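Input: a single structure, listed below in structure tokens.
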Amino acid sequence: LKVVELDPHHQKAQAALGRVWNEGAWIDRDDLMASQGYVKYKGRYITTQELEVIQKTASELEQERDWFQKVRLWHGWLIGRHEERSQQGLIALQSIEDQHAAPALIRFLCDDTRRDVRMLGVSILCNISGAKAVAGLVKRTLLDIDPDVRYASLNGITPENFEYAQPAFIKELKNENNTIVSRAAAALARVGDERAIAPLIDALITTHRYSVATNELPGQTY
């Protein structure tokens, strides 16, 4: 710290403090990586999704497997032709509040081709707190073809879950699909904080390549 006080631009001293030069200032490396959707785990930076997988315990995996069996069954009832059984499936699904059921809900409801089933999946995830449910809401916000489903998904992310959603949206600012980038940027207007500013600015800088006809030799373009 003494060296930095005497020479704020002393590279080795700043590096020893865990800082890097970015956008004209020295900032904490962990903060920079967090703004890009990464977290530090055992000395290396990984995505929040990778961290989630690493941290899953055998008990969690077992609970998720149990929910896959139940949700698969109830989903089958829901979309079946038997009206009474369909109603039973709907009631059972709407009663789910366990975060460990989120992966199954995402797989069988939120990824369903039927709009009303996806809306049901989103409404259930909105009542579940934590990163697992937010992952499904983020996915629907970015990828769903129906604007109402996207709107419901984004607005279903509550303030206490913004911390889980922001890194995922920041990561998609680098997506090659401009539509996804635009949706991620719009979502950050709701769930983002100051850590999203720099990635949003970077996302505004784009490079395009065009093929332009010229009067050169036949078949040549630039």
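Are any residues in region 120-152 hydroxyl-bearing (Ser, Thr, Tyr) and farther than 28 Å from LYS56 by Cα, and if so, which ones? Selection gives TYR151 alone.
Listed by first and then second residue, the pairs with beta-carbon distance under 8 Å, at least 6 apart or on different chains, first residue in region 113-141 and at positive phi, second assigned to a helix (DSSP H, G or I) and open to solvent by 20 Å² or more (accessible area, probe 1.4 Å), are GLY130/GLN99; GLY130/TYR164. Taken together, the residues in region 142-163 that are assigned to a helix (DSSP H, G or I) and crowded, with 21+ Cβ neighbours inside 10 Å amount to 3.
Those helices (runs of 4 or more DSSP H) of region 31-141 in which 1 or more residues are more than 26 Å from TYR151 (Cβ to Cβ), open to solvent by 20 Å² or more (accessible area, probe 1.4 Å) and in contact with a strand residue (DSSP E or B) (Cβ under 9 Å, 6 or more places away or on another chain) occupy 48-55.
At pLDDT below 95 and charged (D, E, K, R) - does that describe any residue in region 124-138? So far as region 124-138 goes, yes, one or more of its residues are at pLDDT below 95 and charged (D, E, K, R).
For GLU97, the requirement of being more than 30 Å from GLU194 (Cβ to Cβ) and touching a residue at least 40 places away in the same chain (Cβ under 8 Å) is not met.
The values are calculated or read from the model by the stated rules, or taken from the named source; none is laboratory data. Since we're looking at a predicted model, the values are computed, not measured. Virtual Cβ from ideal backbone geometry, glycine too; neighbours counted across all protein chains shown. Heavy atoms of the whole protein, side chains included, go into the accessibility calculation; ligands, DNA and RNA do not. Shrake-Rupley method; radii C 1.70, N 1.55, O 1.52, S 1.80 Å.
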